[in-house]
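Q: This is the structure, below, for whatever I ask next.
The values are calculated or read from the model by the stated rules, or taken from the named source; none is laboratory data. All figures in this text were calculated on a predicted structure; none of them were measured in a lab. Neighbour counts run over all protein chains shown; Cβ positions are idealised from the backbone, glycine included.
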Amino acid sequence: MNKNLLYIFLLSFIYFPFNRIYATHYQFEAVIHQQGQLLDTNTNVPKQRTKIWNAQSEYGDRVLNHWTSRSLDEIKQSGKVDAPRVLLANLFAKKNISQTNAFILNMQVNGVSGTRWALNKNGDYDFSLTILTTILWKFGDQPNILFPATANYLLNVLMIESGNKFRYATPKTLGLLRETENHILMTEGSKYLKNRWLMIHGDTNPIYNNSKNGMEQKLLNELIHMKTKGLYEFNSLPYIGYTITALLNLEAFGSDDMQLAARDVLDYINWCYTLGSYQLKHYAPMRRRYEKAGIQEIKTDYHSLFMKAWLSYSPLNFDNSKGHTSSPHSLMGVTMPYRPADQVVKLQNDKMNGYYVKLGHGRNASPEIYSAGKHFLLSAGGVNRGELSLIVARPICLFLNDSATSLSETFNIAGPGIDFKGWNNTGVYKNFACAAGPVSIPSNCKPIAQIGNWVMYQMQDGIVLVIYSTPKFGLMAVFENIPTTNLLDQVVALNLNGQNLNTSFQFPNGAKISYDVLAPKSKWVIKSVNDELQKRNFDRWSLIDGNFN
C-alpha cells in the first residue's frame, strides 16, 4: 500500500465519524462498480410524451404556499436545504420579491462544495449552490423578479464553482477517494451551468466554454454511466432527492445533448421507481443510510415526494388530497419543468395485466424484484451485502389498492430475525414471495379460511391471498379473479409435506417454485421454476429484465 493510500485509511478510522467510514468504503467501491459489466437491458425505458400537463395543481399550490409562508427571518438559521428553497418559492410564486432580493444580497458563502468530513468541516455548500443555480437560470433574465444587482451578486459571489477542473475526488483526500454520486452531480453540474451562463451572456474566456474545457464531455460521461450501469446510491435516503434535483437542473438548463442525457437518467430512475411502486407506495431496498432503516412509512420516501408533485399536474385523476407539502423535494417537483413519460404516469395506478421484473444494481449490490398484477404489487426487500455495503434490506411487502401508509398496514415478510443485515429477502417470483420468517398480517384483516398454518384472505379487487406462516418460514401466494371455493384445499393438498414446503411451492395449475430462504447473500433465493434452474448471481443481472403480460 502506498503512503498516500495508507494516509487515507488512517484518516478514515481515526477522524471519520462512523457513518463516514461507510462512505469511505462507498467511494472505493464506486470505482469497482464503474468497472463492472452488467447484462444488456432487455426492456426499453419509456420516453414517449404525448400528454398535455395541467399548468396548475391544487397540491402544487399548497406546496408553494407552505414555502412562501415561511418568514425570511426564520430561514436565516434554516441551513443548507430549506433557506435557498424558500427564496426559490418566493421568486417562483412572485411573492415577497423585494425582500427576497434583499435577502440574497446579504447572503454570505458559508462553506465549500463536496462531502463534509473531519478535514472538510465546511463542506456541503453544494446543497445550497444547486438551488442558487436554479434561481439564476429561472429568473436571471427576468429583472423584475431577480433584480440585476441580485443576479450579479448571485453569479459572482455566491456561485463559487466555475472553470474546467472536474473534481472526481472527495475534498482533502489527496485525490484518492471518489466523491459520492450526489455531490458530483450537484457540484460539477452547478459548475457546468455557471460556465454555460457566462458563455451565453457574452464571456468569451475559453475556461468557461464547456465544449472546449472538457466539462461537457466529462459530465455527459457521468450521466451515460448512470443510464447504462445504474445508480450506486439507488433509492437512497436522503441522497436520491439531491441526485434528482441536480439532474433536474441539467435537464432544464443544459445544452441540447446535456438535457437529453439528464432526461434519459431521470426517465430510467423514474421507470424503476414506477415498476417498484403502487399508488406511491414504495419500500424498496436502498443504498445509504443505515440510520434510515427504521422508517415505517411506505409513501413518503424522497422519490415518492417528487412523483407526488409531478403527478399532481397530470390530466389523469390522481389523489391530491394528502402529501408532504413541506418536503424540499415536493417543491423542486413543482417548480421544475420535467414531467415523466406517458407510461410512467399510466403505470402508477394501473398495472395493466401485470408484470414481473428484476432490476440489477451491479457488483456487491442488492437487486430489486417486483411482481405485479392488475391490482397488487409484491416488492422484494433485497439483501444486505455485509456491514460496509451500505445496503438497507427491507421486508417483502404486498401493496394493494388501499389506503395503507405504513409497513404495519401491509402483508409483509422478512427474516431470519429482526436485523436486516442478516436477511436475504430476494424471494419473490410471479405472484409469490417467501422468506425465513413469519408473515406479518395487518390487524384489521380477517381470514376467510384456515387449515393449520395456512390461511386465506379475500381482499378487494378480486385479490385472494394464501399465506403459510411459521416463526422461521413464511410464504405468500397471490391469486386474481379466481373462485375461492376449495382454493385453500387445493393449495394445501399440493403442498402437504411441511418439510418440502420449506424448499418448494406448487401453484394449482401453475408453476412449481424451488427456493432457499437461507441462500448466501450473493444469490437469489429462487432456485428453479418448473425444474428450470434460474440465474441466481444477481451481480450480473441486467439493469431491467422484464416480463410484461
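Q: Just name the residue that is nearest to F479 (Cα to Cα) out of those in segment 439-466 that are over 33 Å from the mean Cα position of the chain (by Cα) and crowded, with 19+ Cβ neighbours inside 10 Å.
A: M456
A quick yes/no check of all residues on (1) within 30 Å of F479 (Cα to Cα); (2) surrounded by 21 or more Cβ atoms within 10 Å (Cβ to Cβ); (3) assigned by TED's automatic domain parsing to the domain that holds L390:
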{"residue": "L280", "(1), (2), (3)": "yes, yes, no"}
{"residue": "R287", "(1), (2), (3)": "no, yes, no"}
{"residue": "S330", "(1), (2), (3)": "no, yes, no"}
{"residue": "P337", "(1), (2), (3)": "no, no, no"}
{"residue": "P340", "(1), (2), (3)": "no, yes, no"}
{"residue": "L359", "(1), (2), (3)": "yes, yes, yes"}
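Q: While we're here: List the pairs whose first member sits in segment 446-467 and is more than 23 Å from S403 (Cβ to Cβ), whose second member is among the polar types (S, T, N, Q) and at pLDDT 95 or above, and whose Cβ atoms are under 7 Å apart, counting only residues at least 6 apart or on separate chains?
A: Sorted first by the residue in segment 446-467, then by its partner, the pairs are N453/S469; N453/T470.
Q: For the structure I just gave you, tell me whether A365 is crowded, with 24+ Cβ neighbours inside 10 Å and either modelled with pLDDT of 95 or more or part of a loop (DSSP other than H, G, I, E, B) (or both).
A: So A365 passes the test.
Q: Evaluate segment 245-254: report whether one residue or more is among the aromatic types (F, W, Y), in contact (Cβ under 8 Å) with a residue 12 or more places away in the chain and under 30 Å from E409 (Cα atoms).
A: no
Q: What residue, of S113, S128, S98, is in a helix (DSSP H, G or I), in the same structural domain as D61 (by TED's automatic domain parsing) and within 17 Å of V81 (Cβ to Cβ)?
A: S128 is the lone residue from the list that is in a helix (DSSP H, G or I), in the same structural domain as D61 (by TED's automatic domain parsing) and within 17 Å of V81 (Cβ to Cβ).
Q: Among the listed residues F306, F318, identify the single one that is of a type in the set (A, V, I, L, M, F, W, C) and either touching a residue at least 40 places away in the same chain (Cβ under 8 Å) or under 21 Å from G382 (Cβ atoms) (or both).
A: Only one candidate qualifies: F306.
Q: With I200, I207 as the choices, which residue is farther than 24 Å from V45 by Cα, out of contact with any Leu (no Cβ under 9 Å at 6 or more places or on another chain) and in contact (Cβ under 8 Å) with a residue 24 or more places away in the chain?
A: I207
Q: Condition first: farther than 30 Å from Q343 by Cα, within 13 Å of the chain's Cα centre (by Cα), outside any helix (DSSP H, G or I) and touching a residue at least 24 places away in the same chain (Cβ under 8 Å). Can you find one or more residues in segment 225-237 that meet it?
A: no
Q: Within segment 405-428, is even one residue closer than 24 Å to V45 by Cβ and crowded, with 24+ Cβ neighbours inside 10 Å?
A: The answer is yes, given that some residue of segment 405-428 is closer than 24 Å to V45 by Cβ and crowded, with 24+ Cβ neighbours inside 10 Å.
Q: Which condition breaks for Y283 when tested against (1) more than 27 Å from D402 (Cα to Cα); (2) modelled with pLDDT of 95 or more?
A: Result: Y283 fails condition (1) only.
Let's see how each residue does on (1) surrounded by fewer than 17 Cβ atoms within 10 Å (Cβ to Cβ); (2) of a type outside the set (V, I, T); (3) outside any loop (DSSP other than H, G, I, E, B):
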| residue | (1), (2), (3) |
| --- | --- |
| F318 | no, yes, no |
| K322 | yes, yes, no |
| G333 | no, yes, yes |
| V344 | no, no, yes |
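Q: Does D301 satisfy being surrounded by fewer than 17 Cβ atoms within 10 Å (Cβ to Cβ) and charged (D, E, K, R)?
A: Answer is no for this residue.
Each row is one residue, and each column tells you yes or no for (1) in contact with a helix residue (DSSP H, G or I) (Cβ under 8 Å, 6 or more places away or on another chain); (2) under 21 Å from I298 (Cα atoms); (3) of a type in the set (V, I, T); (4) outside the structural domain of Q534 (by TED's automatic domain parsing).
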residue: H375; (1), (2), (3), (4): yes, yes, no, no
residue: S379; (1), (2), (3), (4): no, yes, no, no
residue: S408; (1), (2), (3), (4): no, yes, no, no
residue: F420; (1), (2), (3), (4): no, yes, no, no
residue: V428; (1), (2), (3), (4): no, yes, yes, no
residue: V439; (1), (2), (3), (4): no, yes, yes, no
residue: A449; (1), (2), (3), (4): yes, no, no, no
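Q: Specify which of the listed residues (L177, L119, L185) is touching a residue at least 60 places away in the same chain (Cβ under 8 Å), in the same structural domain as M336 (by TED's automatic domain parsing) and more than 28 Å from the chain's Cα centre (by Cα).
A: Exactly one residue qualifies, and that residue is L119.
Q: In segment 211-232, which residues are closer than 16 Å to S162 by Cβ and either surrounded by fewer than 22 Cβ atoms within 10 Å (Cβ to Cβ) or not assigned by TED's automatic domain parsing to the domain that holds L266 (or both)?
A: Hits for segment 211-232 are S211, K212, N213, G214, E216, K218.
Q: If you go through segment 116-131 one residue at a time, how many are buried (at least 23 other Cβ atoms within 10 Å of the Cβ) and not aromatic (F, W, Y)?
A: 5
Q: Also, I was wondering about something else. Scanning for something closer than 25 Å to A262 by Cβ, within 18 Å of the chain's Cα centre (by Cα) and either surrounded by 24 or more Cβ atoms within 10 Å (Cβ to Cβ) or of a type outside the set (S, T, Y) (or both), does segment 376-389 turn up at least one residue?
A: No, segment 376-389 contains no residue that is closer than 25 Å to A262 by Cβ, within 18 Å of the chain's Cα centre (by Cα) and either surrounded by 24 or more Cβ atoms within 10 Å (Cβ to Cβ) or of a type outside the set (S, T, Y) (or both).
Q: State all residues of segment 55-90 that are out of contact with any Lys or Arg (no Cβ under 7 Å at 6 or more places or on another chain), surrounded by 13 or more Cβ atoms within 10 Å (Cβ to Cβ) and aliphatic (A, V, I, L, M); if no residue qualifies, say none.
A: Across segment 55-90, the qualifying residues are V63, L64, L72, I75, V81, A83, L87, L88, A89.
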